[in-house]
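Notes follow once the structure below has been shown.
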Amino acid sequence: MAKWTIGALLAACALAGCGKEPAGQVATLAAAPAVAAAPVAAAPKAMSAKEEQARMMELLRAVYGAEAARDNYLLVEMPSPDQRDAVGIYRLEPVAMHALADGRVAVVANAQMADDKEEGMASHAMPGLLSAYLLRQADGRWRVEARHENVAELGSFGQFGEVEWVMLGAGRPGFTVQHGGTWQGYTISHLSVFDLSDRAMHDLTGGVAVFSSDEGACGGDKAMCWTTAGKWQFEKRPGARYDDLVLRFNGYEDIRPDDAPEDAARERKEHSGLARYKFDGRKYVLVEGENIVRGF
């Protein structure tokens, strides 16, 4: 199903920033104490927010042990996203969970470097660190099948954006993360894609631009202002490992001559476009059209 990226972006743009493409890392499977598990919920959407938070904390305790858990976060040792042989202490908070058709449960969590008071060390320039986990209930306990720690740096203020669960191809569940931010009135959003079956989980797009606007900076001294929004969806490619990622854009530019007075009206020109990305065996690459989202 197609997704609009602009929907909640402007309300949340101050909480996220542009990410950089992370280096893929092989998932580390360290032994962790199994904990007793309640029955798997039929669908996370049936839970209240409080119940879902409690379940995600239960799952993360199965990964790291009860001694790491606090009320709504964990204090854990994990590798650095840039130097995998360097470890640090991170404040880890659950973000989203999803029950898969095969009975496993996926959890996505966000980490920040922790200070001596267990608070996250976040600033506008610091991204959130994405981790993902797969667990299965067996003999009344949660067993960890995969853990992918700090595999992507997305967003700012120590947070990344909305997680959505998708099918990337036949039998290939995954998820997308929308991340962007606003700087001095300029807003941009990117889309990153992850495969839950990837043994070395990494961003399959490197962050495809899906929205930008200078609405917050469109003062009288500017001759041109713009907004472009992309609607994305996955479309089948017969015989391919992953479906194509297709974006359809609509937007506008408000323009007046450079030498016109600042109180002169701008003329609106609408624009549209399409960009199709195909997986080339390593990442999604543009194979048709053009991504017309303006950078800055």
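The values are calculated or read from the model by the stated rules, or taken from the named source; none is laboratory data. It should be emphasised that the depicted structure is a prediction, and the values quoted were computed from it without experimental measurement. Don't worry about glycine lacking a Cβ; one is built from the backbone with ideal geometry, like all the others, and counts go over all protein chains shown. The area values use the complete protein model at the heavy-atom level, side chains included, leaving out ligands, DNA and RNA. Shrake-Rupley method; radii C 1.70, N 1.55, O 1.52, S 1.80 Å.
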For this session: State which entries of LYS50/LYS231; LYS236/LYS269; LYS236/LYS283 exceed 21 angstrom in Cα-Cα distance in the structure shown.
Result: LYS50/LYS231; LYS236/LYS269
Problem set entry | Vicinal HN-Hα couplings computed from phi for the range 82-91 (Karplus, 6.51 cos²θ - 1.76 cosθ + 1.60; Hz; Gly/Pro x) | 9, 10, 5, 8, 9, 10, x, 9, 10, 8
Exercise. Beyond 17 Å, what percent of the Cα pairs of the range 162-295 remain?
Worked result: 62
For this session: Mind pulling up the Rg/Rh value for the range 47-160? Radius of gyration and Kirkwood radius, both on Cα.
Result: 0.96
Exercise. How big is the gap, in Å, between the Cα center of the range 221-296 and the Cα center of the range 91-113?
Worked result: 31
For this session: For ASP258 and ALA49, compute 0.36 nm times the residue count separating them, minus their Cα-Cα distance, and round to one decimal in nm.
Result: 70.1 nm
Exercise. Check VAL285: other-chain or 5+ apart residues with amide H under 5 Å from its amide H, H built from backbone geometry?
Worked result: LYS278, PHE279, ASP280
Exercise. Considering only protein heavy atoms, what per residue accessible area in square angstrom results for the range 174-284 with a 1.4 angstrom probe?
Worked result: 45
Exercise. Local charge sum around PRO238 (other residues, Cβ-Cβ under 13 Å, Lys/Arg +1, Asp/Glu -1)?
Worked result: +1
For this session: Using the Karplus curve 6.51 cos²θ - 1.76 cosθ + 1.60 with θ = phi - 60°, work out ³J(HN,Hα) for each residue of the range 150-161 in order, rounded to whole Hz, and write x for Gly and Pro.
Result: 6, 8, 8, 10, 9, x, 8, 6, x, 9, 10, x
Exercise. Which whole-Hz ³J(HN,Hα) couplings does the range 126-132 yield from phi under the Karplus relation 6.51 cos²θ - 1.76 cosθ + 1.60, θ = phi - 60°, glycine and proline marked x?
Worked result: 9, x, x, 10, 8, 10, 9
Exercise. Counting other Cβ atoms within 10 Å of each Cβ, which trypsin sites (Lys or Arg not before Pro) in the range 203-255 have at most 11 and sit in a DSSP loop?
Worked result: LYS236
For this session: Please sort by residue number the trypsin sites (Lys or Arg not before Pro) in the range 89-167 whose DSSP state is loop and whose Cβ has at most 12 other Cβ atoms within 10 Å.
Result: LYS117
Exercise. Over the range 153-278, what percent of the accessible surface lies on carbon and sulfur atoms, probe 1.4 Å?
Worked result: 46
Problem set entry | Sparsely packed trypsin sites (Lys or Arg not before Pro) within the range 249-287, loop by DSSP, other Cβ within 10 Å at most 11 | ARG282
